[in-house]
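Participant: I'd like to ask some things about the structure below.
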Amino acid sequence: MMPATETTSPPLRPSGAPPHAARGEEGPPPVRARRDIVPLLLVPALMLAALPLVGSPASWVTLSVAGLAMGLMIFVMASGLTLTFGLMDVLNFGHGAFIAVGAFVAASVMLAMGPWMGSDSLWLNLAAVAPAILAAMVLSGLLGWGFERVIVKPVYGQHLKQILVTMGGLIVAEQLLKVVWGPDQITLTRPPALRGAFIIGDVAIEKYRVLAVAVGLVVFVVMQLALGRTRIGLLVRAGVENSEMVEALGYRIGRVFVGVFVVGSALAGLGGALWALYQETVTAAIGAQVMVLIFIVIIIGGLGSVGGCFVGALLVGLVANYIGFLAPKVALGSNILLMALVLLWRPQGLYPVARR
Amino acid sequence: MAEALLSLRGVETHIGRYHILHGVELDVPQGGLTMLLGRNGAGKTTTLRTIMGLWRASAGAVRFEGRDITRLATADVARLGIAYVPESMAIFADLTVQENLVLAARSGPPRAERLDRIFARFPALRRFWTLPAGLLSGGQKQMLAVARAIIEPRRLLLIDEPTKGLAPAIIANMIDAFRELKDGDTTLLVVEQNFAFARRLGDTVTVMDDGRTVHHDTMDAFAADQALQQRLLGLSMDTHQ
Amino acid sequence: MLRALLSDNLPRSRWLAAVLIVIVLALALAPFLFPGAKSLNVAVKICVFIVLAASYDLLLGYTGIVSFAHTMFFGIGGYGVAIALARLAPDWGAVALGTGAGVLVAVVLAALIGLFSLRVRTIFFAMITLAVASAFAILASQLSGLTGGEDGLNYRVPEALRPAFRLVEGDVLGVAVNGRIMTYYLVFLVSLALVLAMMRVVSSPFGSVLMAIRENAFRAEAIGYRTVVYRTVASCIAAAAAAVAGALLALWLRHTGPDTTLSFDLMIDILLMVVIGGMGTMYGAVLGATLLILAQNYLQDAMAAASQAASGVPLVANLLHPDRWLLWLGLLFILCVYFFPTGIVGRLRAARGRG
């Protein structure tokens, strides 16, 4: 619940008390909105359930951190996709192209900054990684803008054509990546500051995973703040519910959509860069590979819901790591099973988006 | 009668393969309240949506303050000072009451005196200020929908069936609200099925049937001619008092 | 007779009819017209992919749903025969058992996926089939004890299909009728039967309901058709046909692995065939599959030559590299979806309309 004075727009009532101060005279205080927290509780529940199965607490901590890191990276990549779907009913199968471009651009920049990347100084390492990630985001965002204009715009409202055309866009983009960067995979080494692990007692936590968790959480918090506390965020949330009414209030929702598309693409680029550093290799197929997980995540979360996407990503990351440890052969199958279970429970996903 | 703020000439609208409006003629006089009446499926809602640019007229012209707005995008129509309250109310259920109103106030934060007037008229909005609008009752949602349309001064309000499913006390409240608006400088075009309500508020009447406008009149003359009502609407207003 | 065979679904264009006759005749006489291992291999692939593309058209063109799991069903059929032949004796019983089991698994899986995802929104179907298919591909390469993993399975086929087998002593029209040719005709005839059967399906009342659902799902539901059931049944039929196609290819190749059956590249090929050939026509699948397989096998050589010629110009040489041919197909695909949604068949029929 946000008090009246916390919107980014200036306070609603510059003079006098905020409206809810008068509540007492008007009648009983309102019932608090009941937030649906059951899906949120699934994450700790899953972690607790995994503890006895994994056995060793040290392995459990390592796996949990790995799962959260993976989940948050997927969240970063998936959030833009779920928002564009919610806002304009566009499902972009070509989203993986932005991830791949982000990975390649970041890898190129980092390889070009070889000495800084190899240096033992944390600051020089970061000075190489930061511009690489920035470049990845900018180029993915630009590509997203072009993609929206050329590929997606002509097929608004036509699901079948959308799926076909955006899939075609993915094929072409993947091939162009091979034209520009060559068909072979690029090997990347994490800078020294991001290699190795923190050792606490007998628990080992990889440094890079901590960074991935931090970046993912920052993206999530910034996104929540932007959606919850800014006017643009208000427009996006309202548009997800009923874009026609947003138009009727006098806002050009198309511009908001392009903005969200570009931001979503840039985030995919960021996710691609993080993923590349995580895997330490980059191939043109990276986008298509991750897309499978992303689809599972946004289906689990409820198409269009950022909160659902967040919970879904954490569940998928955790399940992949726990099962990968317990029964490595069925790791990806386990995510399909997770998706099936969630859909049996809630056919529209964890947080179905209210629709007109 | 004052000159028309809004006028439709020969408006035809298709939705998909269906031809819904067949040459609608409508004048909404400046400063008055025009009631758009007609049986279910007569094309009243489609007329409002065509004015807003939510459906495209395939022929004819929609003029607002003398300017042709037939081809304008919905957002640009709204920016001319036309507000729309759809029948479904279309409040944003996941947004709070406050957020719904902040969004509706395009040019900046809502003005305190404006808010105070709205709160005086619809106290429930003050009470549930920070609640997601989806939790409001039907009547409260309608209040929010109307409040959203008047959070800033607008030239013309298009309101689709504001009394549908509302309790009599709330309807009385709506009547007062619309009177107050009319006494200000706001012009209203209201689609209505509740004839008692229509009669108490309307200055002029346009009746639609089968996608056409079939009758224009002042409300007083129309209310007096029961045979006409019977023919055009299939029932007399008095039976609905 | 011909009309009945084609289920009243005539080409409706003289050019289209001519092209179809050429394709069918060329395939029917392929061993004699184009002797040689490579060309026979191309002919088999054309037959198998015509079945795959036609069954995919049943989904994409007639039902209006996009599946990315078609190669999964193809693979299930292939692995069914492969595993049966590798584990049991190389005889017809194993072939029948493997094919039957493959078709059964494919249909059950298709029904499950359909009932799960078509209930909510068709867009779910596209996403879920993509996820399930890639999980299946990984599973197949992981369960190496059963599937041979990345290497796949090699096995012996029934005696009548082996190269050493001779149907008649001596040559027929200068060609020795050996087991390979027997296999070719098995593939050709079963493919032909499957395509004709699918044409019957789309011309049946069931097919009309599918198209009604594609045009307006809400209305079809309102009239009283259970759209989920119809779409799911269509998906099961397509899966069964794809599984049989997989079994045919398995018999021809005597090898089944992830690359030959499950790879996502194959899925893209099928998509291209149907869209470029013309969605919702069945004949489009025949044309699309034939063109694409021919191009894959012969056009790439031309691209290699062009790339060689352009070797001085760095980026252009890369663009023309035969491995990049998907780039050009992808562009063609996008243009087709935008500007020629009815594909080659639609163009040919439109040309007739004007002429």
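Participant: Counting only DSSP beta bridges with both residues in the protein assembly as shown, tell me the antiparallel percent, nearest 5.
Facilitator: 65 percent
Participant: Same structure again: Quickly rank B:74-80, C:161-167 as a protection proxy: mean count of other C-beta atoms within 10 Å, highest first.
Facilitator: Ranking, from highest mean packing down: B:74-80, C:161-167.
Participant: As a test of the definition: with a 1.4 Å probe, what buried accessible area, both sides summed, do you compute for A against C, in Å² to the nearest 100?
Facilitator: Numbers: alone 17590 and 16940 Å², together 30830 Å².
Chains A and C together bury roughly 3700 Å² of accessible area.
Participant: Compute the Cα gyration tensor for segment B:134-199, then decide on rounded, prolate or oblate, letting a ≥ b ≥ c be the square roots of its eigenvalues: rounded whenever a/c is under 1.5, prolate when a/b is larger than b/c in the other cases, and oblate in all that remain. Walk me through the numbers on the way to the answer.
Facilitator: Working: a/c = 1.78, a/b = 1.19, b/c = 1.49.
Oblate, since a/c reaches 1.5 and b/c is not below a/b.
Participant: Moving on to the next point. Would you mind checking the tilt of helix A:207-229 against the longest principal axis of the Cα atoms of chain A, expressed as 0 to 90 degrees and rounded to 10?
Facilitator: Approximately 20 degrees, to the nearest ten.
Participant: With a point put 7 Å past each Cα toward its Cβ, work out how far residue A:195 is from residue C:26 in nm, to one decimal.
Facilitator: Going from the residue A:195 label point to the residue C:26 one covers 5.7 nm.
Participant: Now a separate question. Taking chain C as a Gaussian network, Cα atoms linked when under 10 Å apart, which of C:310, C:295, C:137 shows the biggest mean-square fluctuation?
Facilitator: Largest GNM mean-square fluctuation: C:310.
Participant: If you filter segment C:108-182 for GluC sites (Glu not before Pro), then keep DSSP loop positions with at most 16 other Cβ within 10 Å, what is left?
Facilitator: Answer in residue order: no site qualifies.
Participant: Further, regarding this structure: Return the lysines within reach of residue A:153: Cα separation strictly under 21 angstrom, same-chain partners fewer than 8 residues apart disregarded; answer none if there are no such residues.
Facilitator: Counting by Cα, and skipping residues close in sequence, residue A:153 has these lysines nearby: A:161.
Participant: Could you size up the charge dipole of chain A around its Cα centre, putting +1 on the beta carbon of Lys and Arg and -1 on that of Asp and Glu, and report it in debye to the nearest 20?
Facilitator: Dipole size: approximately 480 debye.
Participant: Restricting things to alpha carbons, find the Rg to Rh ratio for the protein assembly as shown using the Kirkwood radius for Rh.
Facilitator: In the protein assembly as shown, Rg relative to Rh is 1.03.
Participant: Nearest-5 percent of antiparallel DSSP beta bridges in chain B? Write down the numbers at each step before the final one.
Facilitator: On the way: 24 of 42 bridges.
Percent antiparallel among DSSP bridges in chain B is about 55.
Participant: Another question about this same structure. Can you find, among A:170, B:222, A:299, the residue farthest towards the positive end of the dipole of the protein assembly as shown? Put +1 on the C-beta of Lys and Arg, -1 on that of Asp and Glu.
Facilitator: Going by the Cα projections, it comes out as B:222.
Participant: Mind giving me the FRET efficiency for residue C:176 and residue A:53? R0 is 60 Å, r the Cβ-Cβ distance, nearest 0.05 is fine.
Facilitator: The value I calculate is 0.45.
Participant: Looking at the square roots a ≥ b ≥ c of the eigenvalues of the Cα gyration tensor of segment C:239-355, which shape do they give, rounded for a/c under 1.5, prolate if a/b is larger than b/c, or oblate?
Facilitator: Verdict is oblate for segment C:239-355.
Participant: If you don't mind, another one. At 1.4 Å probe size, with no ligands or nucleic acids counted, give the accessible surface of residue A:231 in Å², nearest ten.
Facilitator: Counting only protein heavy atoms, residue A:231 exposes about 60 Å² to solvent.
Participant: Output ³J(HN,Hα) for segment B:199-213: one whole-Hz value per residue in order, computed from phi by the Karplus curve 6.51 cos²θ - 1.76 cosθ + 1.60 with θ = phi - 60°, and x for Gly and Pro.
Facilitator: 3J(HN,Hα) across segment B:199-213, in whole Hz: 5, 6, 10, x, 8, 10, 10, 10, 10, 10, 8, 6, x, 10, 8.
Participant: Given the C-alpha centroids of segment C:205-241 and segment A:253-315, what is the distance between them in whole angstrom?
Facilitator: With segment C:205-241 and segment A:253-315 each reduced to a Cα centre, they are spaced 33 Å.
Participant: Compute the distance from the alpha-carbon center of segment A:210-236 to that of segment B:26-44, in whole Å.
Facilitator: 46 Å
Participant: Using a ≥ b ≥ c from the Cα gyration tensor of segment A:55-108 (square roots of the eigenvalues), is it rounded, prolate or oblate, where a/c under 1.5 gives rounded and otherwise the larger of a/b and b/c decides, a/b for prolate?
Facilitator: oblate
Participant: Give me a single rounded figure for C:141-153: the average over its residues of other chain Cβ atoms within 10 Å of their Cβ.
Facilitator: Mean inter-chain Cβ contacts per residue within 10 Å come to 1.
Participant: Then there's this: For chain A, which whole percent of the accessible surface, found with a 1.4 angstrom probe, sits on carbon and sulfur atoms?
Facilitator: 69 percent
Participant: Another one. Roughly how many nanometres apart are two label points built 7 Å out from the Cα toward the Cβ at residue C:206 and residue A:45?
Facilitator: 4.1 nm
Participant: Then there is this: Among the lysines, which fall within straight-line cross-link reach of residue B:44, defined as a Cα-Cα distance under 27 Å, with same-chain neighbours fewer than 8 residues apart omitted?
Facilitator: Residue B:44 reaches B:141, B:164, B:182.
Participant: Have a look at A:321, A:242, A:92 and tell me which one the Gaussian network model of chain A (Cα, springs below 10 Å) gives the largest fluctuation.
Facilitator: Comparing A:321, A:242, A:92 in the GNM, the peak value goes to A:242.
Participant: So how much accessible surface do B and A hide from each other in total, probe 1.4 Å, in square angstrom to the nearest 100?
Facilitator: Its buried surface, counting both partners, is about 3600 Å².
Participant: Any chance you could check the Cα centroid distance between segment C:61-101 and segment A:32-90 for me, in angstrom?
Facilitator: The distance from the Cα centre of segment C:61-101 to that of segment A:32-90 comes to 37 Å.
Participant: Still on this structure, I have one more. Springs between alpha-carbon pairs under 10 angstrom, Gaussian network model over chain C: which of C:112, C:58, C:194 fluctuates most?
Facilitator: The residue that fluctuates most here is C:112.
Participant: Another question, if that's okay. From the phi of every residue in segment A:130-142, what ³J(HN,Hα) in whole Hz does the Karplus formula 6.51 cos²θ - 1.76 cosθ + 1.60 yield, where θ is phi - 60° and glycine or proline is x?
Facilitator: Coupling constants for segment A:130-142: 4, x, 5, 5, 4, 4, 4, 5, 5, 5, 5, x, 4 Hz.
Participant: Could you give the size of the charge dipole of the protein assembly as shown about its Cα centre, using +1 on the Cβ of each K and R and -1 on the Cβ of each D and E, expressed in debye and rounded to the nearest 20?
Facilitator: 500 debye
Participant: Follow-up question, since we're still on this one. So, R0 is 60 Å and r is the distance between the beta-carbons of residue C:309 and residue C:92; what FRET efficiency does that work out to, to 0.05?
Facilitator: Efficiency, from the Cβ-Cβ distance: 0.75.
The values are calculated or read from the model by the stated rules, or taken from the named source; none is laboratory data. All of these numbers come straight from a predicted model, not from anything done at the bench. So basically every Cβ, Gly included, is an ideal-geometry build from the backbone, and we count neighbours across all protein chains shown. Only protein heavy atoms, including side chains, enter the accessible area calculation; ligands, DNA and RNA are left aside. Shrake-Rupley method; radii C 1.70, N 1.55, O 1.52, S 1.80 Å.
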